[in-house]
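The values are calculated or read from the model by the stated rules, or taken from the named source; none is laboratory data. Since the structure is predicted, the reported quantities are computational estimates derived from the model, not experimental observations. Glycine also receives a Cβ, built like all others from the backbone with ideal geometry; neighbour counts cover every protein chain displayed. Surface accessibility is based on the protein's heavy atoms, side chains included, excluding ligands, DNA and RNA. Shrake-Rupley method; radii C 1.70, N 1.55, O 1.52, S 1.80 Å.
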Amino acid sequence: MIKNGIVAGIPIALGYFPVAVTFGLTAVAMGLKDYEAVLASLLIFAGSAQFALSTLADSPINATIVPILLNLRHLIYGCIVSKRIRIGKPFITAFGLTDEVFAMSFKGDNERFVWGLALIAYLSWVSGTVIGVLGGSFIVSNEALHKSLIFAFPALFFILLIPNRGWNLISAIFVGLIALTLHLSGYTSFGILLAGILTPFVTSAFRRCFK
């Protein structure tokens, strides 16, 4: 089943690679050493936490606390996955359970499938980071390439959204409207946080009302 997971995870890997290149480029630009940026991808393997780490590197306390807060959602992911399938190696499975791997894990029914998803995603992420670190000057000098990498992260989530239907799609639209409204009001960071907190509760309430 690992092989099936690897095949199913190809879209994730294709989306991760340009985002990882962007991280490698950003991390070095923000002052991290080359090996520190690569180690971050090897040991952390969490995009939002790594981007936060690269921008907060001058404050060890913030660089520790903010990534932890950003990744609290993975506790929920772990609970959901462990109720669906039998988990024999929790530390391995938990390490690879990124947002996209979690979303795709519903296509399989065992732990090894999740490992396959995580493996190809991890290899793509680490290799992309290395390319970003080593090829930073070339990427920055190429305007078209640079702009495409900036768009890579939101494009990845948009691709994962396309197959969704029903309440999942409604939730995505609702969270987007909250975040967009507050962004236009000048509260971008607060909007993202509030949208993430409110949407599950509001969607659950609507589902109960329309059952």
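Of all residues in region 1-26, which are aliphatic (A, V, I, L, M) and assigned to a helix (DSSP H, G or I)? Correct list: ILE2, ILE6, VAL7, ALA8, ILE10, ILE12, ALA13, LEU14, VAL19, ALA20, VAL21, LEU25. Across region 60-92, the number of residues qualifying as within 17 Å of the chain's Cα centre (by Cα), closer than 30 Å to GLY31 by Cβ and not hydrophobic (A, V, I, L, M, F, W, C) comes to 4.
How about region 27-57: which of its residues are part of a loop (DSSP other than H, G, I, E, B) and closer than 13 Å to VAL126 by Cα?
Pass one, region 27-57, residues part of a loop (DSSP other than H, G, I, E, B): 30-33, 44-46, 56-57.
Selection gives ILE44, PHE45, ALA46.
For region 75-86, which positions are open to solvent by less than 50 Å² (accessible area, probe 1.4 Å) and either closer than 18 Å to VAL38 by Cβ or not in a helix (DSSP H, G or I) (or both)? Within region 75-86, just ILE85 meets the criteria.
Where helices (runs of 4 or more DSSP H) fall wholly inside region 92-197, the ranges with 1 or more residues that are modelled with pLDDT under 80 and out of contact with any Ser or Thr (no Cβ under 8 Å at 6 or more places or on another chain) are 136-141, 143-161, 166-184. Go through region 21-47 and count every residue that is in contact with a Gly (Cβ under 7 Å, 6 or more places away or on another chain) and β-branched (Val, Ile, Thr). Qualifying residue count for the region: 3.
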